[in-house]
């Protein structure tokens, strides 16, 4: 028997095994969990800026999921590309940072030492810098602040 | 008569000692005004520190006067904003695939109804409307 269910406000797992039609090019999904994505987010934003903005402009034009599939594939490919590059160049530092985020409620301020090492490595290897948009000019960004008020309790 | 005069009560030689009716406590510790000032200073420093903490954490883009630190929230927001296209693209692909599958199923179920349009919108608009229900086959 078929019945109606809300697409997301439900506790029933709605699965549909039907594969994508063949005329749509195949693309791998990113497959990373929240912590690595959060750790790499500023680099994804910098590295894939053009693709991301293109995709969001396309979505602004028309919200139909069928309308921006091509742009969406580019976004996903770019993100996978970047994650691969991070893995190749800064595997250890990346791992240390996202493990720290995972254990600390995804708070950036809890993982500044790891972040500093990771950001330095990425800057050397991929020439990507973490920039927080909207920071007031002439003020140290929070990730570079020497003595922030928000800091982790001393680790024992 | 003379006997009575000799036994009358008289003050001692040099008079009575004075009566001590005042407490005699030594002065101890700082005065009240100093304590009040100290408490005020401590509270002022605490409030200043609280303000600094709020400025570092919150993101209030309203007042130019306090347009200072408050970077932690902006950092968090931007890390999420950077991930939106990625997550949205993935979700779109999934929704597109599901929509096609639903329409194929609808085609199959309604094939013997003449004049049935598969995937026809219930809303009179050209704008895309997100599906609000999903039909589950059990």
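Read-outs throughout are calculated quantities, based only on the coordinates presented, and are distinct from any laboratory measurement. Note that the structure is predicted; figures quoted are calculated from it, not measured.
Assuming a ≥ b ≥ c are the square roots of the Cα gyration tensor eigenvalues, decide whether the range A:76-156 counts as rounded (a/c under 1.5), prolate (otherwise, with a/b larger than b/c) or oblate. Oblate is the answer for the range A:76-156, as a/c is 1.5 or above yet b/c matches or exceeds a/b.
The distance separating the Cα centre of the range B:36-56 from that of the range A:124-156 comes to 25 Å. Relative to the longest principal axis of the Cα atoms of chain A, the long axis of helix A:34-47 makes an angle of roughly 90 degrees. Output the 0 to 90 degree angle, nearest 10, between the alpha-carbon long axis of helix A:49-61 and the longest principal axis computed from the alpha carbons of chain A. Between helix and principal axis, roughly 40 degrees.
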